[in-house]
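Structure, as structure tokens:
The values are calculated or read from the model by the stated rules, or taken from the named source; none is laboratory data. Computed from a predicted model, the values in this text were never measured in an experiment. Virtual Cβ from ideal backbone geometry, glycine too; neighbours counted across all protein chains shown. Only protein heavy atoms, including side chains, enter the accessible area calculation; ligands, DNA and RNA are left aside. Shrake-Rupley method; radii C 1.70, N 1.55, O 1.52, S 1.80 Å.
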Amino acid sequence: MNALAATSRNFRQAARLLGLDSKLQKSLLIPLREIKVECTIPKDDGSLATFVGFRVQHDNSRGPMKGGIRYHPEVDPDEVNALAQLMTWKTAVAAVPYGGAKGGIGCTPGELSRSELERLTRVFTQKIHDLIGTNTDVPAPDMGTNAQTMAWILDEYSKFHGHSPAVVTGKPIDLGGSLGRDAATGRGVMYATEALLTEHAESISGSTFVIQGLGNVGSWAAKLIHQKGGKIVAVGDVTGAIRNKSGIDIPALMKHRSEGGSLKDFYGAEVMEAAELLVHECDVLVPCALGGVLNRENAAEVKARFIIEGANHPTDTEADEILAKKGVIVLPDIYANSGGVVVSYFEWVQNIQGFMWDEEKVNRELQKYMKNAFQNIKDMCKSQNCNLRMGAFTLGVNRVAKATLLRGWEA
């Protein structure tokens, strides 16, 4: 089941539990606006190249729309649609005043020079500048884009609308980016893990962990869980996987990787089969890489008691059912990886106020938001008699439905 089908299925299940009217359900599912633009740029060799850009703006009942812009050869309207919808529920679960959006350009960033990427970003911004804005739609980085991409969007947008630092988040610090933003999603994963384990009278320091994926989210989650005394017994990335039952020295591993070393030649652990990583013995499994990695082929073999979804949609629907029967507790992506959007909200707030926070305040506020969201999900689980995934979805859908009705949906 792809991301769009899974998201729509979870929405329909949540809507049924909440008893939402079928007309309201339809209204909540259909995006507010879908934008498709042609972006033609001169390449460095003088030839012209044309790319297609998308922006799906899903819902604005709770505030401006929010979501990333990705540069990828397979930017597909269906996928962008699913991710925009997911952002609507995710921002509602986190209790930040946004709706969902998502966008992208169908291109291969690795095949474009820096100046070609800049021209492409500026042309895309020219085409959508009157449809984004501080109080309308606030983009952020995603796959294939970064802080520099946001700097170009900010600059191009400001030519039309005056200096507007709050039009994008995930900017460089020197242009109004927030301290703590880089670590935010990984730190949110750590706070979410803490909240779940506390609920079960356990703690990070007494638990063993397996982390799949050592990109931004996985590496920050690993560092922060290690700092809290968690024993990380196995990790894996695209190059392979390693294990050490006494615990991997995470700072030493990060230093090794920053110096260009791969997992396989790290001295403090032994190489293992990548396929065994997800079914390795541990208390907590944290998938932080691709979607669909837990499926009907491997779910029955999972030995972890808790799964924290650092990636988007790592557990497919069939795996969910198998894991539930085994008694494995899954903390859903819609909550577990929402630290990034929460700190994006803090960045937007700082830009609007023109008053920047220190990193300690950013982290303290993030912890508060993650703690409160977990409690709200638990309350929803009790009232709806459902698991954590459905608790999170009913919480998010209910908040958006309430805002839609309060604003006069049928007016």
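So what is the relative contact order of region 183-331, in percent, for Cα pairs below 8 Å that sit 6 or more residues apart?
Relative contact order, region 183-331: 21 percent.
The residues of the chain present an accessible area of 42 Å² per residue when probed at 1.4 Å with all protein chains retained.
Length gained on full extension, D379 to D45, computed as 0.36 nm times the residue gap minus the Cα-Cα distance: 114.3 nm.
Each Lys or Arg adds one and each Asp or Glu takes one away; over the other residues whose Cβ falls under 10 Å from the Cβ of T169, this sums to +2.
Let me make sure I get this right: for region 30-165, a, b and c are the square roots of the gyration tensor eigenvalues over alpha carbons, sorted descending. Under 1.5 in a/c it's rounded, otherwise prolate if a/b > b/c, else oblate. Which is it? Here region 30-165 falls in the prolate category.
Would you compute, from DSSP H runs of 4+ residues alone, the mean residue ellipticity of the chain at 222 nm, taking -39500 (n - 2.57) per run and dividing by the full residue count, rounded to the nearest 500?
Numbers: 13 runs with 183 residues, N = 411.
Value at 222 nm, helices only, nearest 500: -14500 deg cm²/dmol.
Working from label points 7 Å from Cα in the Cα-to-Cβ sense, the Q227 to A201 distance is 3.0 nm. Length gained on full extension, E276 to Q353: 22.8 nm, using 0.36 nm per residue less the C-alpha separation. Available extension along the chain between K402 and E301 is 32.3 nm, counting 0.36 nm per residue and deducting the alpha carbon span.
The mean of 1/r over all pairs of different alpha-carbon atoms in the chain, once inverted, gives a Kirkwood hydrodynamic radius of 21.9 Å.
About the Cα centre of region 183-331, how large is the charge dipole given +1 on each Lys and Arg Cβ and -1 on each Asp and Glu Cβ? Please answer in debye to the nearest 20.
Details: 14 positive and 19 negative charges, 86 e Å.
Magnitude of the dipole: close to 420 debye.
Positive-end ranking of I322, A221, V279 along the dipole of region 183-331, with charges on Cβ about the Cα centre, is headed by A221. For the pair H163 and E74, a Förster radius of 30 Å applied to the C-beta separation gives a FRET efficiency near 0.30, rounded to the nearest 0.05.
Please identify the chymotrypsin sites (Phe, Trp or Tyr not before Pro) of region 312-407 that satisfy two criteria: DSSP loop assignment and at most 14 other Cβ atoms within 10 Å. Which are they?
On the way: sites: Y335, Y345, F346, W348, F355, W357, Y369, F374, F393; in loops: F355, W357.
Filter output for region 312-407: F355.
Each of S246 and K361 was given a label point 7 Å from its Cα along the Cα-to-Cβ line. The distance between the two points is 4.5 nm.
What does a probe at A5 reach in region 288-328, counting residues whose amide N is under 11 Å from the point 7 Å along Cα→Cβ? What the label zone holds, given the 11 Å backbone N cut-off, is 317-318.
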